[in-house]
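The structure appears right after this line, and notes come after that.
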Amino acid sequence: MQLSSKDAKKMLEETIGQTPHDGWIYHSICVGDSAATIASSLNLDKEKARTLGYIHDIGKKINFKYHVIEGYNLLKKLGYDEEYCNICLTHSYLNNDVKCTAGGIPEDIPFRTNFIINHEYTIYEKIINLCDLMCTNKVCTLEQRLIDVMLRRGVHSNTVYHIKEAYKLKEYFDNLLGHNIYDLFPEIKENI
Ligand SMILES: [Fe+2]
């Protein structure tokens, strides 16, 4: 079953006040709207990009620490197509590697580790990877977001590896677009 961006937003809004804090909900809206802007500039399906951004962290509705797996299981149980379920798994990991993430090396959950190694990331998944690293509750530079994460979650043995891959991902989109991706978001200047 497909999921519209309208229903995805409803799913998010229903959760306001139901979890330890609402920050992730406004972050998810920022990720979805930024993803739609990028998709539109690349002549992709902007509503699909928006939906995937809105739901990427939906597992936080159930459990913050295990939101990746919880989100995947929740959307599966609700009967949504693989691409919607998969975004919950892929959004935090770059370079097909669960170790390439913010906040330290995660515990080994074999299903997740194997999924990430074997999965061929779609362009939409790469857009969400990047937008997750460009959005607090508003769109900002990679540097701002990475520092925001480091201040909250610390610096770990994989932090430099993750930052390097994050820069590669931005460069990938700069090249696809033929200009700096920040040009799509003039509001970044006001958000600094
Ligand atoms: Fe996120």
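Counting the residues of region 61-99 that are farther than 21 Å from LYS10 by Cα and not in a helix (DSSP H, G or I) gives 10.
Looking across region 58-69, the residues that are within 14 Å of the ligand (Cβ to nearest atom) and either hydroxyl-bearing (Ser, Thr, Tyr) or over 16 Å from VAL98 (Cα atoms) (or both) come down to ILE58, GLY59, LYS60, LYS61, PHE64.
Selection of region 79-124 for residues being more than 16 Å from the ligand (Cβ to nearest atom), more than 30 Å from ASN43 (Cβ to Cβ) and among the hydrophobic types (A, V, I, L, M, F, W, C) yields ILE105, ILE109, PHE111, ILE117. Pairing residues of region 22-34 that are touching a residue at least 60 places away in the same chain (Cβ under 8 Å) with residues that are near the ligand (Cβ under 10 Å from one of its atoms) and hydrophobic (A, V, I, L, M, F, W, C), at Cβ distances under 6 Å and at least 6 apart in sequence or on separate chains, gives HIS27/CYS135; CYS30/CYS135; VAL31/CYS131; VAL31/CYS135; SER34/CYS131; SER34/CYS135. A single member of SER34, SER28, SER5 is more than 16 Å from the ligand (Cβ to nearest atom), more than 20 Å from PHE111 (Cα to Cα) and in contact with a helix residue (DSSP H, G or I) (Cβ under 6 Å, 6 or more places away or on another chain), and it is SER5. Within region 13-25, the only residue that satisfies the criterion of being within 11 Å of the ligand (Cβ to nearest atom) and surrounded by fewer than 14 Cβ atoms within 10 Å (Cβ to Cβ) is GLY23. Is region 73-81 home to any residue that is aliphatic (A, V, I, L, M), surrounded by 18 or more Cβ atoms within 10 Å (Cβ to Cβ) and at pLDDT 95 or above? Looking for residues that are aliphatic (A, V, I, L, M), surrounded by 18 or more Cβ atoms within 10 Å (Cβ to Cβ) and at pLDDT 95 or above, one finds at least one in region 73-81, hence yes. Residues that are touching a Phe, Trp or Tyr at 6+ places or on another chain (Cβ under 8 Å) and within 16 Å of the ligand (Cβ to nearest atom) were ranked within region 37-57; the one that is nearest to LEU3 (Cα to Cα) is THR51. If you go through region 149-171 and keep only what is assigned to a helix (DSSP H, G or I) and either surrounded by 15 or more Cβ atoms within 10 Å (Cβ to Cβ) or among the aliphatic types (A, V, I, L, M) (or both), you end up with VAL149, MET150, LEU151, THR159, VAL160, TYR161, HIS162, ILE163, GLU165, ALA166, LEU169, LYS170. For region 125-153, the set of residues classified as away from the ligand (no atom under 11 Å from the Cβ), among the β-branched types (Val, Ile, Thr), over 9 Å from the mean Cα position of the chain (by Cα) and farther than 12 Å from ILE192 by Cα consists of ILE147 only. For region 117-142, a tally of residues being farther than 21 Å from ASP174 by Cα and in contact with a helix residue (DSSP H, G or I) (Cβ under 7 Å, 6 or more places away or on another chain) returns 2.
The values are calculated or read from the model by the stated rules, or taken from the named source; none is laboratory data. Note that the structure is predicted; figures quoted are calculated from it, not measured. All Cβ positions, even for glycine, are placed from backbone atoms using ideal geometry, and neighbour counts span all protein chains on display.
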